[in-house]
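These notes are about the structure you will find just below.
The values are calculated or read from the model by the stated rules, or taken from the named source; none is laboratory data. What you are looking at is a predicted structure, and each value in this text was computed from that prediction instead of being measured. Reconstructed Cβ throughout: ideal geometry from the backbone, glycine too, with neighbour counts over all protein chains shown. Ligands, DNA and RNA are stripped out before the accessible areas are found, and what is left, the full protein with its side chains, is counted by its heavy atoms. Shrake-Rupley method; radii C 1.70, N 1.55, O 1.52, S 1.80 Å.
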Amino acid sequence: MLFGISTFLTDVTETGEPAVRPAELAKAVEERGFESLLTAEHTHMPARPTPWPGGDAPIPAFFRYTYDPFVALSMAAAATRRLRVGTGVTVLTQRDPILLAKEAATLDVLSGGRLILGIGAGWHRIEVRNHGVDPKRRFGVMRERARVLRRIWTEELPEFHGEHVDFDAMYSFPKPVQRPHPPILLGGWSENVYGRVLDYADGWLSPPEWGVEEVTGPAGRLREQAAERGLPEPQINFFLNSLDSGDLEKAAEIRPRRILFSLSPMVRDDALRRLDELAEFMAGHNDF
């Protein structure tokens, strides 16, 4: 079981103060023994109010100030040697798949094979629509674009002819260092997420708000469906929202690939103090 940090790499914190920079944060995460650093993505934040997964609470102001994840993660990868860097998630319905395939492969090559690609369809329907995608069709768009990524990464002369993506045979290099390609983790919470993970992803990234009990059932159903279809066991990745040994014991029973701790955008000193707390908890449970 691996331990990672999930955050929003942003220009400022919720209070408008300068947030710790990606390179410095990544170095601190690696020095404290964490395996990975994942960042969320928003290309922009529409001004019109809209429901979001956080419920009745307002959307945090720092959502408006996220860096482009691949630029920020390049800085993070350059400042570290072993740390896995990734998206959790990049909104696939807002990205051209041919360009994303090159961006992701480039980062994987230049980092020495350390990329993790988390993907999602996008919960903010206005944000998705601003990119020219009908929100009602976003899951079909995500499915095709995920398949395009796999094809470009693994074939010498990929071509694709679908409903949302269409291109003839072409050259696209570099190819990723990781074989057959960087792991694709699908974020989601509906009943349809199981089929989506098994169809075009390598694992599931559970909602950050869910507790261990909420993850247990879906993780079991995902593994059962994979076994029924004769597929490899998918990676389970989820968030631990408390520093409680009992919760960690329950989490270990699920046999996750990776446990993630959430880290809000913070000024440098606050971020380092919080990482110290998380690292101390992690070090006290190495037997997991």
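For the structure I just gave you, tell me whether residue 177 is of a type in the set (A, V, I, L, M), in a loop (DSSP other than H, G, I, E, B) and over 22 Å from residue 33 (Cβ atoms).
Numbers: of a type in the set (A, V, I, L, M): yes; in a loop (DSSP other than H, G, I, E, B): yes; over 22 Å from residue 33 (Cβ atoms): yes.
Spelling it out, residue 177 is indeed of a type in the set (A, V, I, L, M), in a loop (DSSP other than H, G, I, E, B) and over 22 Å from residue 33 (Cβ atoms).
Among what's in the stretch 56-71 and is hydrophobic (A, V, I, L, M, F, W, C) and within 16 Å of residue 16 (Cβ to Cβ), pick the residue that is most open to solvent (accessible area, probe 1.4 Å). Can you show your working first?
Taking the stretch 56-71 first, the residues hydrophobic (A, V, I, L, M, F, W, C) are 57, 59, 61-63, 70-71.
If we keep only those that are within 16 Å of residue 16 (Cβ to Cβ) as well, we get 59, 61-63.
On the way: 59: 47, 61: 25, 62: 22, 63: 13 Å².
Among residues in the stretch 56-71 that are hydrophobic (A, V, I, L, M, F, W, C) and within 16 Å of residue 16 (Cβ to Cβ), the one most open to solvent (accessible area, probe 1.4 Å) is 59.
Is one or more of the residues making up the stretch 108-127 open to solvent by 20 Å² or more (accessible area, probe 1.4 Å) and over 28 Å from residue 3 (Cα atoms)?
Looking for residues that are open to solvent by 20 Å² or more (accessible area, probe 1.4 Å) and over 28 Å from residue 3 (Cα atoms), one finds at least one in the stretch 108-127, hence yes.
Looking for whichever is outside any loop (DSSP other than H, G, I, E, B) and of a type in the set (Phe, Trp, Tyr) here; the options are 189, 123, 204. Which one fits? Don't jump to the end; show me each part of the working.
Numbers: 189 fails: outside any loop (DSSP other than H, G, I, E, B); 123 fails: outside any loop (DSSP other than H, G, I, E, B).
Being outside any loop (DSSP other than H, G, I, E, B) and of a type in the set (Phe, Trp, Tyr) holds for just one of 189, 123, 204, which is 204.
Being without any contact (Cβ under 8 Å) to a residue 24 or more places away in the chain and over 21 Å from the mean Cα position of the chain (by Cα) is the filter; apply it to the stretch 221-248 and report the residue that is surrounded by the fewest Cβ atoms within 10 Å (Cβ to Cβ).
Checking each candidate, the answer is 230.
Could you figure out which of (1) modelled with pLDDT of 95 or more; (2) open to solvent by 50 Å² or more (accessible area, probe 1.4 Å); (3) more than 30 Å from residue 285 (Cβ to Cβ) isn't true of residue 51?
(1)
Okay, residues lined up against (1) touching a helix residue (DSSP H, G or I) at 6+ places or on another chain (Cβ under 9 Å); (2) at pLDDT below 95; (3) of a type in the set (Gly, Ala, Ser):
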{"site": "187", "(1), (2), (3)": "yes, no, yes"}
{"site": "197", "(1), (2), (3)": "yes, no, no"}
{"site": "200", "(1), (2), (3)": "yes, no, no"}
{"site": "208", "(1), (2), (3)": "no, yes, no"}
{"site": "216", "(1), (2), (3)": "yes, yes, no"}
{"site": "226", "(1), (2), (3)": "yes, no, yes"}
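Please pick out the residue among 268, 257, 273 that is closer than 17 Å to residue 193 by Cβ and either at pLDDT below 90 or charged (D, E, K, R) (or both). Working first, answer last.
Numbers: 268 fails: closer than 17 Å to residue 193 by Cβ; 273 fails: closer than 17 Å to residue 193 by Cβ.
Exactly one residue qualifies, and that residue is 257.
Out of all the residues in the stretch 87-106, which are open to solvent by less than 10 Å² (accessible area, probe 1.4 Å) and closer than 17 Å to residue 179 by Cβ?
Within the stretch 87-106, 101, 104, 105 meet the criteria.
Would you tally the residues in the stretch 165-179 being surrounded by fewer than 16 Cβ atoms within 10 Å (Cβ to Cβ) and under 12 Å from residue 113 (Cβ atoms)?
Here the count works out to 2.
Please find, among 80, 43, the residue that is of a type in the set (S, T, N, Q) and open to solvent by less than 50 Å² (accessible area, probe 1.4 Å). Explain how you work it out, then say what you get.
Numbers: 43 fails: open to solvent by less than 50 Å² (accessible area, probe 1.4 Å).
Just one listed residue meets the conditions, 80.
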